[in-house]
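Engineer: Let me give you the structure first, and then I'll get to my questions.
The values are calculated or read from the model by the stated rules, or taken from the named source; none is laboratory data. Nothing here was measured: the structure is a model prediction, and the numbers come from that model. With ideal geometry, Cβ positions are generated from the backbone for all residues, glycine too; neighbour counts draw on all protein chains shown. What goes into the accessible areas is simple: the full protein's heavy atoms, side chains included, and nothing from ligands, DNA or RNA. Shrake-Rupley method; radii C 1.70, N 1.55, O 1.52, S 1.80 Å.
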Amino acid sequence: LFRSILSFETGLYFVQTGLEAPSYSIHANRLELPLWLQVNLIRGEVSPFVFVGSYVNYLLSAKSVDSSGDLDIKKIYNNFEIGLVGGLGINFVAGQDFEIGASGSYALGLSNTNNQSETGLVEVDQNRRLQFLLHFIFRT
């Protein structure tokens, strides 16, 4: 019974983040490792859940795009970021050993993403984002 209520979830995600401004945009690609504690509220054909945890990610690339073209800006950001995440979701049984699910969450970066030695900026820049995930679960 305890195992079906409480679980530890992890994975490896490719995450794209960025911002759009009137005259430019910034796009970053990251590899993320989340570590979540999940509480399954009801176990059955339809299973809602809530989760909280943390994440660490590695910056793969970053670029700025404006009317003059693309500019590689990876060096002005720190390569690693840590943060907290919390959210809710639902799983649907789709077969004897297979589930389909969806979740939504809010992630709050705790580390400064500015590479201060490269930019000279003293301000702290932390990522905040809403995430929406579709997932497939294979039971063995």
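Engineer: Give the residue from G53, A107, L6 lying farthest towards the positive end of the charge dipole for the range 4-140; charges sit on Cβ (+1 for Lys and Arg, -1 for Asp and Glu) and the dipole is referred to the Cα centre.
Structural biologist: Ranked along the dipole, the leading option is L6.
Engineer: Could I ask something else about it? Report, to the nearest whole %, how much of the accessible area of the chain belongs to carbon and sulfur atoms, 1.4 Å probe, protein only.
Structural biologist: Solvent-exposed carbon and sulfur of the chain make up 63 percent of the total.
Engineer: When you count, for each residue, the other Cβ atoms within 10 Å and take the mean per peptide, how do 30-42, 59-71 rank with the highest first?
Structural biologist: 30-42, 59-71
Engineer: Work out how much length L41 to D97 would gain on full extension: take 0.36 nm times their residue separation and subtract the Cα-Cα distance, in nm to one decimal.
Structural biologist: Length gained, L41 through D97: 18.2 nm.
Engineer: Another question, if that's okay. So what is the relative contact order for the chain, in percent, with contacts set as C-alpha pairs under 8 Å and at least six apart?
Structural biologist: 18 percent
Engineer: If you split all Cα-Cα distances of the chain into 5 Å bins from zero, what percentages do you get per bin, shortest first?
Structural biologist: 2, 9, 16, 19, 15, 12, 9, 7, 5, 3, 1, 0
Engineer: Is there a quick way to get the dipole size of the chain? I mean about its Cα centre, with the Cβ of Lys and Arg at +1 and of Asp and Glu at -1; what is the value in debye to the nearest 20?
Structural biologist: 340 debye
Engineer: Which order do you get for R139, R128 if you rank them by accessible area with a 1.4 Å probe, largest at the top?
Structural biologist: R128, R139
Engineer: Under a GNM of the chain (C-alpha, springs under 10 Å), which listed residue has the highest mean-square fluctuation: F98, F80, F14?
Structural biologist: The residue with the greatest mean-square fluctuation here is F98.
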